[in-house]
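Undergrad: A single structure is presented below for examination.
The values are calculated or read from the model by the stated rules, or taken from the named source; none is laboratory data. Just so it is clear, the model here is predicted, and its values are computed rather than measured. Every residue, glycine among them, receives a Cβ derived from its backbone with ideal geometry; neighbour counts consider all protein chains shown. Note: accessible area is taken over every heavy atom of the protein model, side chains too, but ligands, DNA and RNA are not part of it. Shrake-Rupley method; radii C 1.70, N 1.55, O 1.52, S 1.80 Å.
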Amino acid sequence: MASVHESLYFNPMLTNGVVHANVFGVRDWVTPHKMALLVLLSELGRAGSQLGLLERRRLNRLLLPLLQGPDMSLSRLRKAIEECCPHLASSVHIRLKLMAEGELKDMEQFFDDLSDSFSGTEPEVHKTSVVGLFLRHMILAYNKLSFSQVYKLYTALQQYFQKDEKKDGADENEMELTNPEELDGKMEKEELDGPLREEEIACSGPLSQKQAEYFLSQQASLLKNDETKALAPASLQKELNNLLKFNPDFAEAHYLSYLNSLRVQDVFSSTHSLLHYFDRLILTGAESKSNGDEGYGRSLRYAALNLAALHCRFGHYQQAELALQEAIRIAQESNDHVCLQHCLSWLYILEQKIFDSCVLLEHSVNKSLHFGLPYLASLGIQSLVQQRAFAGKAANKLMDALKDSDLLHWKHSLSELIDISIAQKTAIWRLYGRSTMALQQAQTLLSMNSLEAVNVGVQQNNTESFAVVLCHLAELHAEQGYFAAASEILKHLKERFPPNSQHAQLWMLFDQKIQFERAMNDGKYHVADSLVAGITALNSIEGVYRKAIVLKAQNQMSEAHKLLQKLLIHCQKIKNTEMVIRVLLSIAELYWRSSCHTIALPVLLQALALAREYSLQYLASETVLNLAFSQLILGIPEQALNILHMAIEPVLAHGAVLDKGCAMFLVAKCQVASAASYTPQKKMEALESAILNLNEAKTYFAKVDCKEQLRDVLYFQARLFHTLGKTQERNKCAMLFRQLHQELPAHGVPLINAFK
């Protein structure tokens, strides 16, 4: 992050005990907290060899965040030192007490003695070290203070120490009134907290330049890598407003405010902060210093480009197009090819909302490679693969393209794009219905370590890619009946991506969908109907589709048919082929339930043609199962059995447990229907085989707690056992059927007229 404008630090003032040095060129000032750190460094030098290796190592690790971070209370500082070296914490406290309760000359003498640290042939502190630079900054800042400022600093030190003494007295009284076990638990919780808690970061006055730079870079890094560790949006905005109050021209603070507003989807504040960032960047001359005469124009064109990206993110495509045209015009005038390539990428994104065109994208990838922009080239390849996946290209060709993209990632150590590529592969395999391959890719991403260096304790890879992969993983587990595992994954997602984070909508949608499927399996249609509103708010197309499914389950056929027809027209318009096929299958099922079996066949054939054209293998297999069911109803079970062998293998290999159960149930129905024309001996064998398939279907349905399907299987098994003369097995199935039948409502629909 660029250096902060130094005009913030030139005005002498006293704000809540913070003395500001009126020194041009000095980027720091003396505060009571920094005096406590100076005492710590002095005592550390005195201790010398008395400190053990482990204690010295802990103190060295503690010093850097203390020197760079914002001021904290004395009690918090003492606690941090005590965790490393209790003896040194006591020495620091005594030294500060003598200084605060003594006279002003004691503080004067302390600063005079600090210069001795650099004297001698082997000084305690090297001048160019981190500690040495800090000491020199403090000595210089103190020497430039006027007498009145020195007195104010001394008064602030006394207040700083007295506040700690009062807090200690209050804590002692609380200890006498508090249960010792509760107190131990409270202390253990406090020890687990990091050295800089949210309430400690809140500054009582303006931060110094170094503290501001550290604060902004730390929060920006946390927003990127682990949003849960960053300050809450309201708290972070409060701190940024505090910084901007003392220096409105602080460009970097405006940009962090822009990122913070994006977290909560605040379009007005984010636009306001983004415009202020580029305004301040131009006013301070930071761009002109680094880029010569081109700095001013560069800021303008990238301001327009960022504004276009912001409008595109919030769905304001017309405003985004106008801003993008402005950016292109300025970039062309300045002959800035890099900016033009970014503009070309965003132009593709905007035009994609209107019509599908690979020309712009292919041109962007080629130009990005030509100008040495691997990040932009890789993103273009990812977008191209995604578009061609929706267009039905073969999976092997898409994976070859992603392999070429991965070579770019590893060559340039583009960690974030490696994650995006693996998440893309997971989604593609899910689209094509290969759940096993999708699971493998998801596990690959989760087991990878990030290439980016982040602080200890910060969750790595808290990005959209990981949110997408974890959501797919939760859905895959739910489809296989592992609802407890799916709940654990969703719980982890909620902790990793809180509801106010930018990627929370992903797990919210998947959570609602999993709950919906469970409610439908349990026959709790009123619960499923209540979840439709939540799904619609997150994804309108999914919400309408789920509403139609609920209406269909409640035998409201005409309402369901109207809804599905509207959804079909909309999905065909936006070219959502996957949803078009699912809607066609649901419409075909409505025709079955209405005894219009012949009308369902053209609908199923249309769905099958689309599924094969777009290489959606799993949906094609599901459509073939529906065709087999239609043939069973039309009285040609032998033909139904023949085509079942074509489709059942992908379903058993990659399908959800419910689909596996439905497939095996259908096989059993076809076997029983075909056995009518067999010889008695062969018929008995066919019925025995059907019972085995029903047992397998029953296992699948029990795994997902699908009671309606279990009831149908038990009824069918009881009839078969009765035909075979197995009275005991028949009675057992009949008893289980009666229990489920009393528990579930009857729909008045013949058993044979439902595939699922």
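Undergrad: On a full-extension model of 0.36 nm per residue, what is the gain between residue 116 and residue 645, subtracting their alpha-carbon distance, rounded to one decimal in nm? Let's see the in-between values first.
TA: Values: separation 529, 0.36 × 529 = 190.44 nm, distance 8.94 nm.
Using 0.36 nm per residue and subtracting the Cα-Cα distance, I get 181.5 nm.
Undergrad: Within 10 Å of each candidate Cβ there may be at most 12 other Cβ atoms; applying that plus a DSSP loop requirement, which GluC sites (Glu not before Pro) in region 41-150 survive?
TA: Values: sites: 43, 55, 82, 83, 101, 103, 108, 124; in loops: 103, 124.
Taking region 41-150 and a limit of 12 other Cβ atoms within 10 Å, the loop GluC sites (Glu not before Pro) found are 103.
Undergrad: Restricting things to alpha carbons, tell me how big region 656-755 is in terms of Rg and Dmax, in Å.
TA: Values for region 656-755 (Cα only, Rg and Dmax): 13.2, 39 Å.
Undergrad: Going highest first, how would you order 255-261, 160-166, 631-637 by mean Cβ packing within 10 Å? If you can, show how the numbers build up before the last one.
TA: Values: 255-261: 22.7, 160-166: 16.0, 631-637: 18.3.
Per-residue mean Cβ counts within 10 Å order the peptides as 255-261, 631-637, 160-166.
Undergrad: At a probe radius of 1.4 Å, what is the per-residue accessible area of residue 723, in Å² to the nearest 10?
TA: Residue 723 has an accessible surface of roughly 90 Å² with all protein chains in place.
Undergrad: Once a ≥ b ≥ c are taken as the square roots of the eigenvalues of the Cα gyration tensor of region 32-165, is the result rounded (a/c under 1.5), prolate (a/b larger than b/c) or oblate (a/b not larger than b/c)?
TA: Working: a/c = 1.67, a/b = 1.17, b/c = 1.42.
Oblate.
Undergrad: Pairs 566/669; 34/144; 166/210: which exceed 28 Å Cα-Cα? Walk me through the numbers on the way to the answer.
TA: Values: 566/669 34 Å; 34/144 16 Å; 166/210 31 Å.
Cα-Cα > 28 Å for 566/669; 166/210; rest within.
Undergrad: Between residue 446 and residue 595, with labels modelled 7 Å along Cα→Cβ, what's the label distance in nm to one decimal, could you check?
TA: 5.0
Undergrad: What's the FRET efficiency of residue 699 with residue 530 using the Cβ-Cβ distance as r and R₀ = 45 Å, to the nearest 0.05? Present the calculation step by step, with values, prior to reporting the outcome.
TA: Working: r = 30 Å, r/R0 = 0.68.
Computed FRET efficiency for residue 699 and residue 530: 0.90.
Undergrad: How much length is gained if the chain between residue 487 and residue 375 is pulled fully straight, taking 0.36 nm per residue apart and subtracting their Cα-Cα distance, in nm to one decimal? Write down the numbers at each step before the final one.
TA: Values: separation 112, 0.36 × 112 = 40.32 nm, distance 3.56 nm.
Between residue 487 and residue 375, full extension yields 36.8 nm more.
Undergrad: Taking amide H positions as placed 1.01 Å from N in the peptide plane, with prolines and chain starts having none, which residues 5 or more places from residue 72, or on another chain, fall under 5 Å of its amide H?
TA: Close amide H contacts, sequence-distant or interchain: none at all.
Undergrad: For region 527-540, what does the Karplus curve 6.51 cos²θ - 1.76 cosθ + 1.60, with θ = phi - 60°, yield as ³J(HN,Hα) per residue in whole Hz, taken in order and with x for Gly and Pro?
TA: For region 527-540, the Karplus curve yields 5, 4, 5, 5, 7, 4, 4, x, 5, 5, 5, 8, 8, 5 Hz.
Undergrad: Could you list, in their original order, any pairs among 403/575; 491/660; 393/425; 683/707 whose Cα atoms are separated by more than 22 Å? Could the numbers behind the result be given before it?
TA: Working: 403/575 27 Å; 491/660 28 Å; 393/425 14 Å; 683/707 29 Å.
Flagged as over cut-off: 403/575; 491/660; 683/707.
Undergrad: Tell me, what is the FRET efficiency for residue 105 and residue 314 to the nearest 0.05, using R0 = 60 angstrom and their Cβ-Cβ distance as r?
TA: Details: r = 62 Å, r/R0 = 1.03.
Taking R0 as 60 Å, the efficiency between residue 105 and residue 314 is 0.45.
Undergrad: Test of understanding: extend the Cα→C-beta vector of residue 558 to 7 Å, then name every residue of region 584-616 with backbone N under 15 Å from that spot.
TA: 594
Undergrad: Once you list every other residue whose beta carbon is under 14 Å from the beta carbon of residue 304, what net charge do they have if Lys and Arg are +1 and Asp and Glu are -1?
TA: On the way: positive: 298, 301, 329; negative: 279, 321, 326, 333, 336.
Residues near residue 304 contribute -2 overall.
Undergrad: What is the set of long-range amide H partners of residue 594 at a cut-off below 5 Å, with H atoms built 1.01 Å from backbone N?
TA: HN-HN under 5 Å from residue 594: empty list.
Undergrad: Rounded, prolate or oblate: which fits region 354-427, taking a ≥ b ≥ c as square roots of the Cα gyration tensor eigenvalues, rounded meaning a/c under 1.5, else prolate when a/b beats b/c?
TA: Working: a/c = 1.95, a/b = 1.14, b/c = 1.71.
It is oblate, given that a/c is not under 1.5 and a/b is not larger than b/c.
Undergrad: Work out how much length residue 719 to residue 681 would gain on full extension: take 0.36 nm times their residue separation and subtract the Cα-Cα distance, in nm to one decimal.
TA: Values: separation 38, 0.36 × 38 = 13.68 nm, distance 1.82 nm.
My answer for the length gained is 11.9 nm.
Undergrad: For region 365-381, just list the computed ³J(HN,Hα) in residue order, Karplus coefficients 6.51, -1.76 and 1.60, θ = phi - 60°, integers in Hz, with x standing in for Gly and Pro.
TA: Per residue, the Karplus-derived 3J(HN,Hα) values read 4, 4, 5, 5, 5, 5, 8, x, 10, x, 4, 5, 4, 5, 4, x, 4 Hz.
Undergrad: A further question on this structure: In whole Å, how far is the Cα centre of region 614-663 from that of region 573-591?
TA: Their Cα centres are 17 Å away from one another.
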